[in-house]
Amino acid sequence: MPTLVLLRHGQSQWNLENRFTGWWDVDLSPAGVEEARAAGRLMQERGLDFDCCFTSVLTRAIRTLHLALHEMERLWLPVTKDWRLNERHYGGLTGLNKQEMIDKVGAEQVKIWRRSYDIPPPELPADSHYDVSGDRRYSGVPVPRTESLNDTIARAVPYYEAEIAPALASGKRVLVAAHGNSLRGIIKYLSNIGDEEIVGLEIPTGKPIVYELARDLSVERRYFLGGE
């Protein structure tokens with residue numbers, strides 16, 4: 001039975017500071033480091049093991065994966081990193097405090113930017129400090145100026161189909177460490193969740209989600225490791 005585990009990165013420093021992060025490369029907070037380690041210990045205690053791993057090109061996801069694998073004594077496992085598993089690009093909101101934005105433009109507008117399915121935030125200005133288009137890890141990548149959840153899903157799901165699903169179909173046990181919105185896309189696809197419902201799905205940091213799959217990769221069981 002193919003097994004897939006999805007793991008949202010541990011708390012980042014900007015999660016702690018209540019800031020929009022997106023593609024900006026923020027590290028884990030001390031609490032996030034412990035969340036990642038705890039996830040690894042929990043997976044080991046529950047008898048989970050893996051053959052290969054996938055993650056984004058952002059430090060908070062990569063480090064979460066490494067910390068979890070270290071606890072499992074599996075740092076030697078092959079890891080594939082790809083930008084298509086990156087968090088949603090928050091455009092001009094990047095780096096801004098969420099509460100300050102609510103105070104500035106109102107809770108309803110911020111809710112639309114954060115929680116609508118297909119309405120993106122304002123684009124990142126070309127002269128923004130948070131423009132990562134010149135970062136060498138994105139050489140040849142069409143770095144967006146902003147993304148809706150739908151835009152994020154439009155890159156994450158094809159990546160799952162092209163790279164992750166074949167590994168599962170070959171019998172490999174797979175661990176994916178990524179971000180709230182890229183994981184929402186994969187969960188939406190696997191569990192056939194509607195557009196409106198997926199927007200409200202909360203994915204806690206550092207808590208493994210286990211998918212037990214049939215041979216055709218349809219979902220037989222999905223659960224949070226350690227309970228809801």
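With the checklist (1) modelled with pLDDT of 95 or more; (2) surrounded by 12 or more Cβ atoms within 10 Å (Cβ to Cβ); (3) more than 21 Å from the chain's Cα centre (by Cα); (4) not basic (K, R) in hand, flag the one item Q99 doesn't pass.
Against the list (1) modelled with pLDDT of 95 or more; (2) surrounded by 12 or more Cβ atoms within 10 Å (Cβ to Cβ); (3) more than 21 Å from the chain's Cα centre (by Cα); (4) not basic (K, R), Q99 comes up short only on (1).
Would you mention how many residues in the stretch 164-221 are among the aliphatic types (A, V, I, L, M), in contact with a helix residue (DSSP H, G or I) (Cβ under 7 Å, 6 or more places away or on another chain) and assigned to a loop (DSSP other than H, G, I, E, B)?
The qualifying residues number 4.
Filter the stretch 103-127 down to residues that are surrounded by 15 or more Cβ atoms within 10 Å (Cβ to Cβ) and out of contact with any Asp or Glu (no Cβ under 9 Å at 6 or more places or on another chain), then give me how many there are.
4
Can you find a residue that is over 25 Å from E163 (Cα atoms), in contact (Cβ under 8 Å) with a residue 24 or more places away in the chain and hydrophobic (A, V, I, L, M, F, W, C) anywhere in the stretch 91-100? Spell out the reasoning first.
The initial filter retains those residues of the stretch 91-100 that are over 25 Å from E163 (Cα atoms), namely 91-100.
Filter once more, so that each one left must be in contact (Cβ under 8 Å) with a residue 24 or more places away in the chain: 91-99.
Subset that is hydrophobic (A, V, I, L, M, F, W, C): 93, 96.
Yes, some residue in the stretch 91-100 is over 25 Å from E163 (Cα atoms), in contact (Cβ under 8 Å) with a residue 24 or more places away in the chain and hydrophobic (A, V, I, L, M, F, W, C).
Could you list all residues from the stretch 41-62 that are in a helix (DSSP H, G or I) and under 30 Å from Y117 (Cβ atoms)? Full working, then the answer.
As a first pass, look at the stretch 41-62 and keep what is in a helix (DSSP H, G or I): 41-45, 59-62.
Across the stretch 41-62, the qualifying residues are T59, R60, A61, I62.
Scan the stretch 69-86 for residues that are of a type outside the set (A, V, I, L, M, F, W, C) and not in a loop (DSSP other than H, G, I, E, B) and jot them down.
H70, E71, T80, K81, R84 - these are the residues of the stretch 69-86 that are of a type outside the set (A, V, I, L, M, F, W, C) and not in a loop (DSSP other than H, G, I, E, B).
Examine the stretch 130-144 for a residue that is buried (at least 17 other Cβ atoms within 10 Å of the Cβ), in contact with a helix residue (DSSP H, G or I) (Cβ under 7 Å, 6 or more places away or on another chain) and in a helix (DSSP H, G or I), and state whether such a residue exists.
Within the stretch 130-144 (the criterion being buried (at least 17 other Cβ atoms within 10 Å of the Cβ), in contact with a helix residue (DSSP H, G or I) (Cβ under 7 Å, 6 or more places away or on another chain) and in a helix (DSSP H, G or I)), the answer is no, since none of the residues qualifies.
Any idea which of H66, H89 is in a loop (DSSP other than H, G, I, E, B) and not small (G, A, S)?
Testing whether each residue is in a loop (DSSP other than H, G, I, E, B) and not small (G, A, S) leaves just H89.
Go through the stretch 180-228 and give me each residue that's of a type in the set (G, A, S), loosely packed, with under 13 Cβ neighbours inside 10 Å and closer than 20 Å to A36 by Cβ.
G227
Name every residue in the stretch 1-40 that is within 14 Å of the chain's Cα centre (by Cα), in a helix (DSSP H, G or I) and within 27 Å of R221 (Cα to Cα), in order of residue number.
A36
Do we have any residue at all in the stretch 102-112 that's part of a loop (DSSP other than H, G, I, E, B), out of contact with any helix residue (DSSP H, G or I) (no Cβ under 9 Å at 6 or more places or on another chain) and of a type in the set (D, E, K, R)? Quick ask: steps written out before the conclusion?
Step one: of the stretch 102-112, the residues part of a loop (DSSP other than H, G, I, E, B) are 106.
Those left that are additionally out of contact with any helix residue (DSSP H, G or I) (no Cβ under 9 Å at 6 or more places or on another chain): 106.
From what is left, the residues that are of a type in the set (D, E, K, R) are none.
There is no residue in the stretch 102-112 that is part of a loop (DSSP other than H, G, I, E, B), out of contact with any helix residue (DSSP H, G or I) (no Cβ under 9 Å at 6 or more places or on another chain) and of a type in the set (D, E, K, R).
The values are calculated or read from the model by the stated rules, or taken from the named source; none is laboratory data. Source: prediction; values computed, not measured. Note: ideal-geometry Cβ built from the backbone for every residue, glycine included; neighbour counts use all protein chains shown.
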